[in-house]
Each structure stands twice: as structure tokens, then as C-alpha cells.
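Let me begin by presenting the structure, written as C-alpha cells, before commenting on it.
Just so it is clear, none of the values below were taken in a lab; they were calculated from the coordinates. A quick note: this is a predicted structure, and the numbers were derived from the prediction, not measured. In this analysis, Cβ positions are derived from the backbone assuming ideal geometry, glycine residues included, and neighbour counts consider all displayed protein chains.
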Amino acid sequence: MALGTTRRTDPASRWTREDLPDGVRFRIPVRPRWAAVPLLLWLVLWAVEEGRALGLVLRHEGSWKFLELWLLLWTVGGLVTVGVLLWRLLGEVVIEVSGGVMEYRVSLGLFSFGRSYDLRLVRELRGAAADDASTSWSWKTRWIGRGRGRIRFAYGARSVSLRPGVSATEARNLVNMIAPFVPRGGPSRRYSAAIS
């Protein structure tokens, strides 16, 4: 494979791999779970009610202070919902390992944020069979995508958990492809025991 060429590494995987001159980049699209359809329906109803409330405010009908507050909160709720819907449909997680650094980014089009990790400080690179969402915030973690991820490692004096939204098998494959770039790296025995 030529450098910089994107290819799907496994037909069952959703992610793509791009080989770099001194590393590798993985792009993992967000799963547009069942939540995208109800969000879209809610947004249609939201737009109807937003228009009605805006019309009442502009015509100075009803309780003025209540409508202003309601319209403000309703608009904020709608904008948050639009963001969640766009994330579900267009978002992706990027894990890039090159130049002695592992970068973990969450991106939505032109907007991106993330963290960088010095590979010299990464120890015990491993995956987990479960994402522990059921124990930390119950259904809320699954809804908004929070909780402990399947790719974990020790970083200095703390533990890091990346949440790229992959299955246990995909996490094992990603860890096996990242491990050669980690000094004194490779999956630990703890990792292989957690998956099997």
C-alpha cells in the first residue's frame, strides 16, 4: 500500500487506516444509532413550536417574560439537539500515531478537539471487553457517548481511556496496530486476558 492511501483494513470494521511516513492514522466514524431518527422527528416538532413562540413574542401576545424565557431555553435545547444529530451522522474519532506522539481527536467537519500523548509515557496499552457504561452513568453514558472507552493505557501516573466507539474485537485490532509504535510497547498480558 502506498503511503497516504486510505483503505479499510477489515470488511467487518467501520474504520479506515492511513499509513503515514512515520506512523498510522485511524478514522472511526460515529455510529448513527437509532437515536438519529427520533432526534430528527423531534427537531421538526421543535421548529414548529419555535415558530409559534416567536410569532407570539413578535405580536406581544401572552405572558411576555414567560415566553421570552421559554423561547430562550427552547432555542438552546434545539441547538444542542442539532449538534447531537450532526455528531451522530457526521462525526468521527481520529487516532493518529506518528513522531513519537499519539493524538486522539474528536471531529465534526472543520471543528476538532483532542489530546496528544507522548508515546514514551504510554504503558500497558490494552483494550477492554466492555466500556463500563452500565456502571458509571447508566443509559446517559450511552446516549451522549461518555464513560470509559475500550482502548486504555497508563500514562505517567494516571489511567487514560479512549472512547472511539469500537467493539472489543476492533479495539484489539487497533491496539495491535498501535503497539509497534509504542516504545517497549505491545499489548500487555492484561489486555489479552480482558478480551478472551
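Points to keep in mind about this one:
- Charge context of Glu103, other residues only, Cβ under 14 angstrom, K/R +1, D/E -1: -1
- Each Lys or Arg adds one and each Asp or Glu subtracts one; over the other residues with Cβ under 10 Å from the Cβ of Arg115, this totals 0.
- Relative intensity, log₁₀ I(q)/I(0), of the stretch 36-88 from a Debye sum that treats every alpha carbon as a point, q = 0.17, 0.31 Å⁻¹: -0.54, -1.15
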